[in-house]
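S.K.: Got a structure for you, written out below as structure tokens; questions coming shortly.
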Amino acid sequence: FIFLWNCCESGLALLPRGRQHQSPTLAWRHGTWHLFGSRSESDRTPVATKGGRSSDYERVKTLTAEAIRCRGKEQGFDALIALGEKCQERRPFDFERAKSSQADGDGTNIIEKFPNLLSPETTRDLFQQVEAMVQKGWLSTNADSVDSLPSFHLNLVSGGKPVPVADGDGQDDEFQKALRDLLELVGPPIYNQLLPFVCQKLGSNNLQVDDIFVRRYGQDVIDGMSRNGISAHYDVYSRVTSVIALDDVASKGRNGLYTAVKEESSSSRHTKEMGNLSVTATSNHASLRRFFPLRSGDAVVHTWDVLHGVDVEPGIDRSSLIVWFTEKQTNKETKQPTILSPWLLEHKALETDNVAQFVLASALESSFPRQADSSSSSSIEQGSGDIGKLRSVDFYLESANGGNSFAMTRLGSICETGQITQGFCDSALHVLRRIQPEEEILELIGATSEGKRQDALTIEEQSTYLSRRFWYQGALTGNPLAQTALADDLMAMGASRQDIRLLAATLFGIAAQQGHQEALEALMRVVAFEAELGQFESEEEFLESPVVQTAQLSMIHQ
């Protein structure tokens, strides 16, 4: 926030009194958008699980819509302040309430706590050994698959087998011995207690331990590198995941592993009506995070369709043990790619479950990247089953048609590439036609200023229009990735227009409140751009600019 004002003041210092309507020297160029370069990867990452309260989710949607619709006005400023206040909340997850809301016997949306899985003695010994390994720099710094930052993890078991395999002469070096000692500590409670517990909760004896690994979060973990969390995501490779606390950082439900509450209606399945569809509402707004209260040695278990992430306040270090459970392979001759997990392909409600559709689309795109290009004819054959030929874009469209904001956000980035077909455009327009925004918004995010009919637009123009429309729908649910992507594109389109700068500042501000660093940096640039335009005769007039006030009020609680 101090930097924001320094930015404002330095901009004003360059503007002599009376200088107005001169061409800006600061250009909003696509070359600076490399800060958002990870968008195409990270915006596949989503949110949602059962056990929330309608007031939380509905309040986020209402405030976000007000901040956007009433931008630059008192009501919009009030909404920005309220959203900022909500983002400061760090609330615990309610295990009992979640248990009462989970569906019986279908093996989905399960969240369960296993208290004291590890004894105090085992946890203490494990924590001390992990600390020693951290000090020796033994944790992996390879890029994490979720956010490409250093992973700070250490595998004990991978693919169901201990890591590493002992040398033939039985002589282990220090590192190998340390791994073996860790596994000897945690193996008995995981295989003898946790595995049966998970099988019982899912009503299946076809589960196995696939991976066991340690993760570390905190400042200056190795060689000055830090990690304070991991963004919200689904586990594509794990049917069930368990996270075991090795310290008391999460004991009060303010740090560590979290999920996100979702809309709860009068329906027992927590759905809302959208046309003739019954769909699940999704949002990953920061204020919807609920942290799992776990003491040292406690474990939490959740299924693949529970969105989760990690967030640790600055100055706090956290260590945890993670276990992935998968289904046993009963057919060794199967031809389906291993990335396409059977719990996704064989999901009973795949035709209607927008979360399952989104996760399967993400798995397909991750394994077969060309599928994100809707103009590509590549597809994955799945034998003679009902699934037939699979393409990630088809499942993204199905998920978006069910109201999934993460699918809409991802589709926005796919459209941005311009590699789309007319058939895809027609399907995308069918999804968006039912959720038409206000005319004013359509004009601001429109594909063309020439007033062309939709059917007269070129593929390139349709690509631009569709990307902004999908991002806008994601932005309304509170998704910071969609908000940042749309604001970025708007500034590249028409930064010289104050109404566009104001909408972009509002979107960047709402995303920055949620801890989105790229959005914060972009918000600073919008303010600097406002100053460079030279349309203000005094500092007071500059600070009264709706764009500057939006930036200030967005970050008032930071």
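The values are calculated or read from the model by the stated rules, or taken from the named source; none is laboratory data. What you are looking at is a predicted structure, and each value in this text was computed from that prediction instead of being measured. Here the Cβ positions follow ideal geometry from the backbone for every residue, glycine too, while neighbour counts run over all protein chains shown. Calculation scope for accessible area: heavy atoms of the full protein, side chains included, ligands and nucleic acids excluded. Shrake-Rupley method; radii C 1.70, N 1.55, O 1.52, S 1.80 Å.
S.K.: Of these, 66, 121, which one is surrounded by fewer than 16 Cβ atoms within 10 Å (Cβ to Cβ), modelled with pLDDT of 95 or more and in a helix (DSSP H, G or I)?
M.R.: Sole residue among the options that is surrounded by fewer than 16 Cβ atoms within 10 Å (Cβ to Cβ), modelled with pLDDT of 95 or more and in a helix (DSSP H, G or I): 121.
S.K.: List the helices (runs of 4 or more DSSP H) inside the range 414-520, counting only whole elements, that have at least 3 residues being among the small types (Gly, Ala, Ser). Reasoning before the result, please.
M.R.: Values: elements: 422-433, 439-445, 459-476, 480-494, 498-513.
Once the helices (runs of 4 or more DSSP H) in the range 414-520 are filtered for at least 3 residues that are among the small types (Gly, Ala, Ser), what remains is 422-433, 459-476, 480-494, 498-513.
S.K.: Can you name every residue in the range 128-184 that is at pLDDT below 80 and more than 20 Å from residue 230 (Cα to Cα)?
M.R.: 164, 165, 166, 167, 168, 169, 170, 171, 172
S.K.: Now, a different point. Give me the strands (runs of 3 or more DSSP E) completely within the range 237-344, filtered to those with at least 2 residues that are closer than 24 Å to residue 114 by Cβ, at pLDDT 95 or above and among the hydrophobic types (A, V, I, L, M, F, W, C), ordered by residue number.
M.R.: In the range 237-344, the matching strands (runs of 3 or more DSSP E) lie at 240-245, 299-303, 318-327.
S.K.: Within the range 525-548, is even one residue surrounded by fewer than 21 Cβ atoms within 10 Å (Cβ to Cβ), basic (Lys, Arg) and assigned to a helix (DSSP H, G or I)?
M.R.: Scanning the range 525-548, I find at least one residue that is surrounded by fewer than 21 Cβ atoms within 10 Å (Cβ to Cβ), basic (Lys, Arg) and assigned to a helix (DSSP H, G or I), so the answer is yes.
S.K.: How many residues are over 15 Å from residue 511 (Cβ atoms) and surrounded by 16 or more Cβ atoms within 10 Å (Cβ to Cβ) if we restrict to the range 69-80?
M.R.: Going through the range 69-80 one residue at a time, the tally reaches 5.
S.K.: Considering only the range 359-374, I want to know if a residue exists there that is of a type in the set (Ser, Thr, Tyr), part of a loop (DSSP other than H, G, I, E, B), modelled with pLDDT under 85 and within 23 Å of residue 392 (Cα to Cα).
M.R.: Yes; the residues of the range 359-374 include at least one that is of a type in the set (Ser, Thr, Tyr), part of a loop (DSSP other than H, G, I, E, B), modelled with pLDDT under 85 and within 23 Å of residue 392 (Cα to Cα).
S.K.: Answer yes or no: is there a residue in the range 530-544 that is under 27 Å from residue 83 (Cα atoms), touching a Lys or Arg at 6+ places or on another chain (Cβ under 9 Å) and not charged (D, E, K, R).
M.R.: No: zero hits.
S.K.: Quick check on the range 427-436. Is at least one of its residues under 19 Å from the mean Cα position of the chain (by Cα) and modelled with pLDDT of 80 or more?
M.R.: Scanning the range 427-436, I find no residue that is under 19 Å from the mean Cα position of the chain (by Cα) and modelled with pLDDT of 80 or more, so the answer is no.
For (1) within 26 Å of the chain's Cα centre (by Cα); (2) at pLDDT below 90, each residue gets a yes or a no:
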{"residue": "196", "(1), (2)": "no, no"}
{"residue": "205", "(1), (2)": "no, no"}
{"residue": "211", "(1), (2)": "yes, no"}
{"residue": "232", "(1), (2)": "yes, yes"}
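S.K.: While we're on this one: Which of the residues spanning the range 241-262 are among the small types (Gly, Ala, Ser) and open to solvent by 10 Å² or more (accessible area, probe 1.4 Å)?
M.R.: 251
S.K.: Related question: Scan the range 481-520 for residues that are open to solvent by 10 Å² or more (accessible area, probe 1.4 Å) and in contact with a Pro (Cβ under 6 Å, 6 or more places away or on another chain) and jot them down.
M.R.: Within the range 481-520, 502, 514, 516 qualify.
S.K.: Pairs needed: first member in the range 107-130, closer than 18 Å to residue 240 by Cβ and touching a residue at least 40 places away in the same chain (Cβ under 8 Å); second member anywhere, of a type in the set (Lys, Arg) and in a loop (DSSP other than H, G, I, E, B); C-beta distance under 6 Å; at least 6 residues apart or different chains.
M.R.: From residues that are closer than 18 Å to residue 240 by Cβ and touching a residue at least 40 places away in the same chain (Cβ under 8 Å), the pairs are 109/50.
S.K.: I need the full set of residues from the range 83-94 which are buried (at least 17 other Cβ atoms within 10 Å of the Cβ) and not acidic (Asp, Glu), in order please.
M.R.: Within the range 83-94, 83, 84, 86, 87, 90, 93 qualify.
S.K.: Checking residue 116 against (1) surrounded by 17 or more Cβ atoms within 10 Å (Cβ to Cβ); (2) at pLDDT 95 or above; (3) more than 30 Å from residue 507 (Cβ to Cβ), which test does it fail?
M.R.: Failed condition: (1).
S.K.: Just checking, does the range 86-100 include any residue being part of a helix (DSSP H, G or I), at pLDDT 75 or above, closer than 16 Å to residue 477 by Cα and touching a Lys or Arg at 6+ places or on another chain (Cβ under 7 Å)?
M.R.: Taking every residue of the range 86-100 in turn, none turns out to be part of a helix (DSSP H, G or I), at pLDDT 75 or above, closer than 16 Å to residue 477 by Cα and touching a Lys or Arg at 6+ places or on another chain (Cβ under 7 Å).
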